[in-house]
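Some notes on the structure that comes next.
The values are calculated or read from the model by the stated rules, or taken from the named source; none is laboratory data. Predicted model, so just to flag it, every value in this text is computed and none were measured. FYI the Cβ positions are ideal-geometry reconstructions off the backbone, even for glycines, and counts take in every protein chain you see.
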Amino acid sequence: MRYTLRQLEVFVATAQHENISRAASALAMSQSAASGSLREFEQQFDVQLFDRVGKRLRLSELGRQLRPAAEELLARARALEQALSGEEVSGRLQVGATLTIGNYLAVPMIAAFRARYPAADVALSVANTAAIADRVAHYALDIGLVEGELSHPDLSCEPWQMDELTVFAAPGHPLARKQALTDDDLLGLDWIVREPGSGTRQTFDRAMHGILPALRVVLELQHTEAIKRAVEAGLGVGCLSRISLVEAFARGSLVPLRVPGRDFTRRLQIVLHRQKFHTAALRQWLALCHEQAQ
């Protein structure tokens, strides 16, 4: 064999970080060793895997074609190493989740997973749907759990579990005691909502079809807690996942507003790269996801 697994690791790490110094740091190598490994790899086959763009290294067309195969081969090699060591479910799993899932669903799942598989570790990254999808597409994450809808040629989306958004206000809001809100009521409100690109915003926009352009959005915030605090302060009304509002409703700091003419339901999604090799840890995490959905 004319290449080594270490050379593949350097190639993949450089593709992820677009910088040889950061790739070397991630692999606990010196920069000179990583540069030498990559250079030797290219020279062995007389190819160019990266183009230099300023200080960044971008994959060439050949590099983009080879990366999925290199990722899969490394994943299979690690799985074999784990099987030989007697630790089938071990190593680090990189999980990405959108804000509501990350804050209210993923942490208990991580605790359950680590209790079952002490040799495994789960790293959680929280961002909006667009960011999580991009990181899964570029192999920076093993799996994504997202709230929004997306379409990407390299990604597969599997329906996970149902969720529903709820419109809410401070207890002292003029409409807090109204039994049901009409479209005219909705148009007269000041709205505090998530930012574009988030799954919650996608569902909100879909639910408000027909009147969306006329809604008065006064604040767009990236964090669920910031939206709840702003609504509590009387700056407007919000619309978030019911999961994130349970405690606030229980203590009475926020109250739900009923909007019977609008559909706020959605299905959470599991996002995977189509060419991603499923390690034992990833397979068991998927099994846990399916348990949670039942």
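Tabulated results
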item	result
Lone qualifier among PRO196, PRO159 - being within 29 Å of THR98 (Cβ to Cβ), in contact with an Asp or Glu (Cβ under 9 Å, 6 or more places away or on another chain) and modelled with pLDDT under 95	PRO196
Options GLN65, GLN7: the member that is surrounded by 15 or more Cβ atoms within 10 Å (Cβ to Cβ), under 30 Å from the mean Cα position of the chain (by Cα), in a helix (DSSP H, G or I) and not hydroxyl-bearing (Ser, Thr, Tyr)	GLN7
Hits in region 13-31 - residues which are surrounded by fewer than 20 Cβ atoms within 10 Å (Cβ to Cβ), of a type outside the set (D, E, K, R) and touching a residue at least 40 places away in the same chain (Cβ under 8 Å)	GLN16
Only one of LEU235, LEU240, LEU272 that is in a strand (DSSP E or B) and outside the structural domain of ALA120 (by TED's automatic domain parsing)	LEU240
From the options VAL218, VAL231, residue that is at pLDDT 95 or above and surrounded by fewer than 18 Cβ atoms within 10 Å (Cβ to Cβ)	VAL218
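Results for (1) outside any strand (DSSP E or B); (2) under 27 Å from GLN222 (Cβ atoms), shown as yes or no for each residue.
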site	(1), (2)
ALA77	yes, no
ARG92	no, yes
VAL122	no, yes
ALA140	yes, yes
ASP163	no, yes
PHE168	no, yes
